[in-house]
């Protein structure tokens, strides 16, 4: 009986090469291609014909978009998870949920191995493989880019490999950006982006929206309504999770919102540069954070900053199915219980500005906060507070004076 290998299949250049390569190097093994549909749109069109024509025995196209949004994106929004201050984790979020489905199908099909097309320099190899180890440690992992038998060192080599076998490459030689799209974002790497001294060619790169320069000259307002940290309505209209992201992507895209050019620290130790389009996610994060400013106390807000950073690191590194990530998610579920209310934002040429927020859980009290003295606040109370709060400073200063006088 032939060995069965489940391949994480996108139909892109890498995985188009991998199917014939696996057949050639693993004794004509049965290749079961699996495409995890996380909202990449038309990219799934024609995949079955492409996979079968290059040697796969079958192709699963698994729609896991709802699971992706509800089980991964929403927890990340609740956590305000942003990697290194810029990256909204679009690719990082999707990999564990895709890998989980690969494991499910591998077990169903009786496969012995899971194969992926992530390179030995990238993050995705870590994300895929940590998930497999966490959920199905008995499965073998095949990572062609790390094997001597792979023989290809560049995207140009891959194009040549396919051409030698009469297979059409799914990318033009002059347009070999490496892209990853899902309902949350679109990433771009390669070409001029590999030189940090060069400005990205946004007219050539952007697909989800326009650059700020080409956005309308008039500001647009958008209103988001949250319940316990989850956005339920946009501009007064109730939306499903898919509709939420799609609607915000459209609004943000046309206003030049959510474009990030970042030189990030990869898991494997090197820096890499990418341009990320996350128009809807940027709006959603901004609105969620504005509502938290209104509803969270000082200590919770401060601790959120610590936990958010760690949560983002875990997501980036593919450590989704870990006790720490699950525990942090439980914390953020609790802290978001009062993150309910409405936030209005102003979008203008790539910028987002707050334009008002309300919440039944608002901790803002006008009677206390107003410059006009209210009944609930006595200015004289600050005397004792400052004396106690500053006591350590006073004691230290007295100690220094005593030493200087000796």
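Some notes on this structure:
- Condition check for residue 331: surrounded by 15 or more Cβ atoms within 10 Å (Cβ to Cβ), touching a residue at least 24 places away in the same chain (Cβ under 8 Å), part of a loop (DSSP other than H, G, I, E, B) and assigned by TED's automatic domain parsing to the domain that holds residue 283: no
- Some residue of region 174-186 being out of contact with any strand residue (DSSP E or B) (no Cβ under 7 Å at 6 or more places or on another chain), over 26 Å from residue 280 (Cα atoms), part of a helix (DSSP H, G or I) and without any contact (Cβ under 8 Å) to a residue 40 or more places away in the chain: no
- Residue match in region 3-14 (condition: in a helix (DSSP H, G or I), at pLDDT 95 or above and under 20 Å from residue 163 (Cβ atoms)): no
- The one condition in (1) in contact (Cβ under 8 Å) with a residue 24 or more places away in the chain; (2) touching a helix residue (DSSP H, G or I) at 6+ places or on another chain (Cβ under 6 Å); (3) farther than 18 Å from residue 97 by Cβ that residue 241 fails to fulfil: (3)
- Filter result (modelled with pLDDT under 95 and either surrounded by 11 or more Cβ atoms within 10 Å (Cβ to Cβ) or over 17 Å from residue 341 (Cβ atoms) (or both)) within region 356-374: 365, 367, 368, 369, 370, 371, 372, 373, 374
- Subset of region 146-169 (residues that are touching a residue at least 60 places away in the same chain (Cβ under 8 Å) and not in a loop (DSSP other than H, G, I, E, B)): 155, 158, 159, 161, 162
- Top-ranked residue of region 188-215 - restricted to ones that are assigned to a loop (DSSP other than H, G, I, E, B) and free of Cβ contacts under 8 Å to residues at least 60 places away in the same chain, ranked as surrounded by the most Cβ atoms within 10 Å (Cβ to Cβ): 210
- Of all the criteria given as (1) within 12 Å of the chain's Cα centre (by Cα); (2) over 14 Å from residue 183 (Cα atoms), the one not satisfied by residue 49 is (1).
The values are calculated or read from the model by the stated rules, or taken from the named source; none is laboratory data. None of the values given here were measured: they were computed from a predicted structure. Every residue, glycine among them, receives a Cβ derived from its backbone with ideal geometry; neighbour counts consider all protein chains shown.
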